[in-house]
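The values are calculated or read from the model by the stated rules, or taken from the named source; none is laboratory data. Note that this is a predicted model, so its numbers are computed, not measured. Cβ sites come from the backbone with ideal geometry, for glycine too, and all protein chains shown count toward neighbours. The accessibility values were calculated without ligands, DNA or RNA, using every heavy atom of the protein model including side chains. Shrake-Rupley method; radii C 1.70, N 1.55, O 1.52, S 1.80 Å.
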2 protein chains.
Amino acid sequence: MTEHHSTRTVASRLRAARARPVVPRGPRRGLGVGELRLDGGFWGALQETNAGATLQHCLDWMEQLGWLGNFDRVAEGATGGERPGWQFSDSEVYKLLEALAWEYGRTGDPATGALLGKVVDRVAAAQDEDGYLNTCFGHAGQAGRYTDLSAGHELYVTGHLLQAAVARVRTVGEDDALVDVARRAADHVCREFGADGRGADGQAGICGHPEIEVGLAELGRALDEPRYTEQARLFVERRGRGTLAPIALLSPAYFQDDVPVRDADVWRGHAVRALYLAAGAVDVAVDTQDDDLRAAVERQWTRSVERRTYLTGGMGSRHQDEGFGDDWELPPDRAYCETCAGVASVMVSWRLLLATGEVRYADLIERTLYNVVATSPRADGRAFFYANPLQQREPGADVRPDAVNPRAEGGVRAPWFDVSCCPTNVARTLASWQAYAAFVEEVPGGSSGGGSSDGVAVDGGTADGGVVVSLAQYAAGDLQLSVDDRDPGQPGGELALRVTTEYPHDGRIRVEVTAVPDRPVTLRLRVPHWADSATLTGPDGTTIAVRPGWADAATLALGDVVTLDLPVAPRLTWPDPRVDAVRGTVAVERGPLVLALESVDLPDGVLLDQVRLDPAVAPRAQGDGAVVRAAVVPLPGGGAGTPPFGPGGPGGAPEPTSDTGAPTPASDTGVPAALDLTLVPYHRWAERGPSTMRVFVPTARPTARPEEIR
Amino acid sequence: MTEHHSTRTVASRLRAARARPVVPRGPRRGLGVGELRLDGGFWGALQETNAGATLQHCLDWMEQLGWLGNFDRVAEGATGGERPGWQFSDSEVYKLLEALAWEYGRTGDPATGALLGKVVDRVAAAQDEDGYLNTCFGHAGQAGRYTDLSAGHELYVTGHLLQAAVARVRTVGEDDALVDVARRAADHVCREFGADGRGADGQAGICGHPEIEVGLAELGRALDEPRYTEQARLFVERRGRGTLAPIALLSPAYFQDDVPVRDADVWRGHAVRALYLAAGAVDVAVDTQDDDLRAAVERQWTRSVERRTYLTGGMGSRHQDEGFGDDWELPPDRAYCETCAGVASVMVSWRLLLATGEVRYADLIERTLYNVVATSPRADGRAFFYANPLQQREPGADVRPDAVNPRAEGGVRAPWFDVSCCPTNVARTLASWQAYAAFVEEVPGGSSGGGSSDGVAVDGGTADGGVVVSLAQYAAGDLQLSVDDRDPGQPGGELALRVTTEYPHDGRIRVEVTAVPDRPVTLRLRVPHWADSATLTGPDGTTIAVRPGWADAATLALGDVVTLDLPVAPRLTWPDPRVDAVRGTVAVERGPLVLALESVDLPDGVLLDQVRLDPAVAPRAQGDGAVVRAAVVPLPGGGAGTPPFGPGGPGGAPEPTSDTGAPTPASDTGVPAALDLTLVPYHRWAERGPSTMRVFVPTARPTARPEEIR
């Protein structure tokens, strides 16, 4: 009988509390999923909806569509004929298992554990004698194993199985049915694809969709099994050498088989593939002390984020291949920004954050969590965005509530997709959200002022031999963590912090120390890159200005209160002049939230195309959104019978403006000369019926960033 | 022995001279391919290159790749196993046959005739007993006939066969091997897909890729066979009813099976499919006097041109499905603008021009011919663009000269593609270019002032009982046409015009009457929509201003000279404010030519991203291009570690300008404060090595069209 059927012991509760998806070699460890109890708030609410609605929703759809039944058919020897789902549908089951595992680990809810156990039993029954496990290949009436490495997704699917098993190892231990299954599957992969197996001699020995790398690396860590790490390393090294057979009209860059990982300068091709691969490469680099490989991924991260990433943190500019575009190719309307790419981006940045401590990785995680991951699920947790564009030109079509929907179209969240990778990816991320909220770092004796701190300290440096607790994300709740390996029953090993905040609605984050261990602890707080006027108030009541980066608050004592004030007033954000697709527009952000203008918030008779935002009037906060000043302009009539381009007279006079720089609006439309419009958080757009939407709003008087021409 | 092996008689030469692709019921007939001898010039040169290089080039590639051999294998009963080429590769052979047929018809060159005859013999040998002809389906080791209507392209391929046969009927007559083949194939289609055949009772009875409609309709006209017209009508009517099985992730709109043709308001989905279908629908509408259907296509044309068409005339905004985007979705960098969509757009507009006489159709044809069709072939006629984007962000990759290239990528013309529809489509269009240059219209007795004239007349109205000759496109050469059915050996039936012009390099078009028939002839000249200051000088030397539209020159007498002066000085062209992707930019046009700024024309060290065009300085002509005044601006540095969006200070100040409105350039770059840059015709970009390119150039001071805000 596996652990999920039993009452949890103190030791197992502790293990589960400290469990986390990523445990690399190195000085930093992330929070365990049970070490932070969320007190409602933004992420607490999403997590509750995930637990209360999304997990069962996903299970029901996969049961209904036969994706779970696929395992039964293999177990019963009843394969052949039409098989429900795509060739990679098993992976959705595994991602759901991972989500259930984290949820059970965090809460210990017996119903969740029982649900998980039932699915695991069906999965386990489908595993072949030699460890191979896949419901689409290798059985009667199916294509042979590994006969389609480019498109078959077999190793990809296995990678997700291993990640699910990692969640079990870390939350309930190795003595677990799913862990047994995963170990046998991983051993099979090592036998088949080892140094002397498939992939030797320059033959194809990798999967068209990366994921096995990160799965093997983490399972290797969880089970302390160097063979798995080595196999992950082999997969990373074999990639980029053009061994995969091409898929139809796609280039080798589609699956990153164009350039070896350590030689590439930027992410390209299918975004989820590129990012899963990068996550696995960081794991391998860290565990094998391969600084060259790690530097390669950091280099790719830098260029890709600075040139190929949306304001939302979304990645993927093209629908065609669900892929990255060229540098500066960031169209808002055709932004793909797949939800899964957001999840994968968080995976990469979190690994780099643990590896380096650099605050920029935490900044991107926050941007992506609020504006991609949180955007996907509908408020009720039972429908999802697959793609997350930044402009919707035509009102979203009605979604079919009881049918499988095409992905990435329509501007509406759908209950399920024919390719339904996103719902379960959101589920596993939300179920383990705590793991990304903070990390703990040992301070080597003799050092002072933590090496990775790029902020300022309120109260001196970091004490030698102590620990630094860095808050990377902010949410109200109780953080209770062991700063060393002592059992929490033993006194003196535990730090407890009470975080009080309404972030991101409000910018104040109050941290109170409610328990301290018997060693020095420094609290390090992230000041986001957009927070240009943040202040930090220390235990002694002194308030200082803190710049973006890490701010060391104090060496903590019981009862200390530290307060960070972040400026979350709405602000205007301008595109780099090379982002052609949004020239002459401006976006509005509020704290970590990107805002959006939706047609449902416009006066009757006004089209989104007619709105010109007046950047001379500062936006003001309203709810979690903002109110901006805007003009409504008339639009050219039709009837020219030509493409929509025409003469504008010599000089192409700029839009007329008043002396104050305010726009001169149309006077004959019956619309006020200037009007106030409300923008809402992007992550909640399309919750009020079909609408058109823009994140980037044209300005009344098109302007460039001031720095463009000096 | 078929006609192409024999010496041409006078009668056969006459037939060939008068041959043309489109002969609808109605008062207007297009020029025959032999009725205009081009005297070099823009189109004459392209046509010579097509004849001297492209035709053989296409033949060689198809021989080498086995696409021609596919016919031999069917004839020999050697099908099964790997078949070279895509399922639609036969259509390339047919389009080449059509090109050869027009070329032979126009020139009577025996070598061309012989080449054609050899290919026809191989094609004919592959035809099944019952008329079915396809090298991919229906034979040993192949999928069964019509087992994949959605993606099999069987009827599409047949449609191209019929169009090739039309070229033969019209140039050499019905007694021809290719015509025999086509007739049997068409009869087979009518038997299979007739009112009681496939497609009855709401089952799928259409092809995933339209083309059979236009082929059947025109063959029906050419052979005076109403069964073919009726079958075309059936195919048009059956479409849009959701009968085709979906293709993977594509929606029914992809192949226009979402809305019946007569109900649709706009083109959507795959652009070539939408346009071939529209061409066939016009044919059916005209031949069956179905005004409702014709009005539907006109309505679709209007909205699609005004909202979904590029400055170049290019159509197709998305790579994903090679399809139209939403209204106003016209990204320059990801413009698909497939060459074949340009060809298909000309087909549709030409049919609507003949049906209505409205000048807007001729205007779009000109725009598309110069900026899409002429853009595709390399100067030597041995490499081609498949897609025709209006911005190239990264220098085009080197093309593989001896290999099949992926389509639509790279910013370089390639010799051949895996899907190689464009080269042969260009070839058949250039070989029959004359057919689109002019049309002749009977003036019913008792009428005056031709009904379709929307310009002005220099010299009174159109004489009763005469004919109107409308010049739709301009090229130097001798136009020699029969204004009625008399044999040219008989005197009094022939009109001859000598057109002298260097258009589009120069705007003067001089038309001299070198022979007149014995009935009144009015010359009607097209004043393009962009020609805001054109003048027309009549036979008596009087010069008048003419507005865009049709300008009636005179009732002609022998020796009359009429001169049209079009303003081809470079001009600025502004996007409609709803075309978000090019806000804050301006394009430069010169006559019918869209111009482009290529990186190879920039000073050393200047990037295309740095250029800001100064719209206050009028561009001046240089060669066929223009010189513009521009500034070079510094670009933001990297290193922020965030997506490329940031604060710009409250108000987001506009770019500083001097008192004169000229841009204030960077003073520290070593680049002149203001510099002159050369733009070249878009159709010749990428001829000087890999480069980046823009049609729409950001302005120094971003401006809107003056009409946007009044």
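Key figures
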| item | result |
| --- | --- |
| Hz values of 3J(HN,Hα) by residue in region A:110-116 - Karplus curve (6.51, -1.76, 1.60), Gly and Pro given as x | x, 5, 5, x, 5, 4, 4 |
| Relative contact order for region B:498-579, counting Cα pairs under 8 Å that sit 6 or more residues apart, in percent | 36 |
| Part-to-part distance (alpha-carbon centres) for region B:142-213 and region A:8-32, which is given in Å | 68 |
| Residue-averaged [θ]222 nm for the protein assembly as shown, counting only DSSP H segments that reach four residues, each worth -39500 (n - 2.57) | -9500 deg cm²/dmol |
| Amide proton proximity set for B:Trp416, modelled H, under 5 Å, gap of 5+ | B:Asn405 |
| Spin-label zone in region B:585-614 - amide nitrogen under 19 Å from a point set 7 Å from the Cα of B:Leu675 along the C-beta vector | B:596-614 |
| Heavy-atom accessible area ranking, 1.4 Å probe, most first, across B:Arg25, A:Arg233, B:Arg694, B:Arg106 | B:Arg25, A:Arg233, B:Arg106, B:Arg694 |
| Estimated inter-spin distance, B:Glu442 and B:Asp265, nm [label 7 Å along Cα→Cβ] | 3.9 |
| Accessible surface ranking that places the most exposed of B:Glu598, B:Glu298, A:Glu512 first, with a 1.4 angstrom probe | A:Glu512, B:Glu298, B:Glu598 |
| Extension gain, A:Arg37 back to A:Arg191 (0.36 nm per residue minus Cα-Cα distance, nm) | 51.2 nm |
| Relative contact order for chain B, counting Cα pairs under 8 Å that sit 6 or more residues apart, in percent | 12 |
| Estimated FRET transfer efficiency when R0 is 51 angstrom, pair A:Ala618-A:Trp86 (beta carbons, to 0.05) | 0.55 |
| Relative packing of A:284-292, A:628-636, which averages over residues the other C-beta atoms within 10 Å, highest first | A:628-636, A:284-292 |
| Solvent-accessible surface (1.4 angstrom probe) belonging to A:Thr147, in square angstrom, nearest 10 | 90 |
| Coil-residue trypsin sites (Lys or Arg not before Pro) of region B:478-563, DSSP, other Cβ within 10 Å capped at 15 | B:Arg486 |
| Cut-off under 5 Å, modelled amide H: who pairs with A:Thr573 long-range | A:Ala587, A:Val588, A:Glu589 |
| Stretch gain in nm, segment A:Ala295-A:Arg688, where the contour uses 0.36 nm per residue and the Cα spacing is subtracted | 137.0 nm |
| Separation of the B:Ser533 and B:Leu249 label points, Cα + 7 Å toward Cβ, nm | 5.2 |
| Rounded FRET efficiency, nearest 0.05, which uses the C-beta distance separating A:Arg122 from B:Arg198 and R0 of 35 Å | 0.20 |
| Label 7 Å beyond Cα on the Cβ vector: A:Gly141 copy-to-copy distances, nm | 2.9 |
| Cα gyration tensor category, rounded, prolate or oblate, for chain A with a/c compared to 1.5 | oblate |
| Cut-off 9 Å between beta-carbons: net charge of the residues surrounding A:Leu608, Lys and Arg +1, Asp and Glu -1 | 0 |
| Accessible surface buried upon B-A contact (total; probe 1.4 Å; Å², nearest 100) | 7500 |
| Label distances, nm, B:Val23 versus same residue in remaining copies, Cβ-directed 7 Å point | 8.4 |
| Fraction of accessible area attributable to carbon and sulfur, the protein assembly as shown (%, probe 1.4 Å) | 50 |
| Teacher prompt: B:Asp121 distances to equivalent labels in other copies, 7 Å Cα→Cβ, nm | 7.5 |
| 11 Å cut-off, amide nitrogen to a point 7 angstrom out along A:Ala640 Cα→Cβ, residues in region B:287-309 | B:306-307 |
| Neighbourhood net charge (11 Å Cβ-Cβ; Lys/Arg +1, Asp/Glu -1) for A:Gln87 | -2 |
| Nearest-0.05 FRET efficiency for B:Ala569 and B:Ala45, computed from C-beta distance (R0 25 Å) | 0.60 |
| For region B:318-368 versus region B:510-577, the gap between their alpha-carbon centres in whole angstrom | 26 |
| C-alpha center-to-center spacing [region A:226-242, region B:82-106] in angstrom | 47 |
| In sequence order, calculated HN-Hα J values of region B:415-431 (Karplus, 6.51, -1.76, 1.60; Hz; x Gly/Pro) | x, 7, 10, 5, 9, 10, 6, 6, x, 6, 5, 4, 4, 6, 6, 5, 5 |
| Local electrostatic count at B:Gly44 - Lys and Arg +1, Asp and Glu -1, tallied over other residues with Cβ under 15 Å | -3 |
| A:Glu329, A:Glu129, ranked by accessible area, largest first (probe 1.4 Å) | A:Glu129, A:Glu329 |
